[in-house]
Amino acid sequence: MIEAATGAVFLLSSLYGAGQANAAAMNAVAPATNNGQATTSGQAVSDTESANEVEAYVRGAYADEPILIDVAFCESTFRQFDKDGAVVRGKVNHGDVGVMQINEYYHADEAKRLGDDLYTLQGNVAFGKYLYQKYGTDPWSSSEKCWSSGDSLARK
């Protein structure tokens, strides 16, 4: 699946330029949601398949900010959805959602104002980038021991 998505991105990139290819890749990689359930053609997405697709998307979206790739790995192991297709929630704080584990209580209103849906891959990643640009890595300080060493498994 990743190979097909990557091939499509390169093909679209060569035909239309990088901007449209990135948008097409986002649509190809991110499953649609239906009442918090991730679906592909109406079926729940498997946890492993989804994690692989999410990882590829995160790596592309954060290529210029590799620390955010490490944060995504440490926070969610590159998962936006769980095995049942529901958005991943934090183990310690159930209000933390998605691949970047963005807290609903503190950030849902601002994300909505900016047009970012925290329950979709695109929205969660986009708002993660916004938080990073505004606050640095502070919103993810609880997982700092994992991503701060620069030796994260995400970089391997």
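The values are calculated or read from the model by the stated rules, or taken from the named source; none is laboratory data. Remember, it's a predicted structure, so these values are computed and weren't measured experimentally. Positions of Cβ are generated from backbone atoms using ideal geometry, with glycine treated the same way; all protein chains shown enter the neighbour counts.
Quick check on my filter: what residues within the range 131-151 are buried (at least 16 other Cβ atoms within 10 Å of the Cβ) and either modelled with pLDDT of 95 or more or under 17 Å from the mean Cα position of the chain (by Cα) (or both)?
The answer is Leu131, Tyr132, Thr137, Pro139, Trp140, Ser143, Trp147.
Here is the figure for the range 71-87: residues that are of a type in the set (Val, Ile, Thr) and surrounded by fewer than 24 Cβ atoms within 10 Å (Cβ to Cβ) total 2. Restricting attention to the range 89-104, the residues that are in contact with a strand residue (DSSP E or B) (Cβ under 6 Å, 6 or more places away or on another chain) and of a type in the set (A, V, I, L, M) total 1. Of the residues examined, Leu68 is not one that is surrounded by 18 or more Cβ atoms within 10 Å (Cβ to Cβ), at pLDDT below 95 and not in a strand (DSSP E or B). Tallying residues that are surrounded by 16 or more Cβ atoms within 10 Å (Cβ to Cβ), part of a helix (DSSP H, G or I) and not β-branched (Val, Ile, Thr) within the range 103-129 yields 12. Residue count for the range 81-117 under the criterion of being out of contact with any Leu (no Cβ under 7 Å at 6 or more places or on another chain), aliphatic (A, V, I, L, M) and within 17 Å of Glu53 (Cα to Cα): the result is 4.
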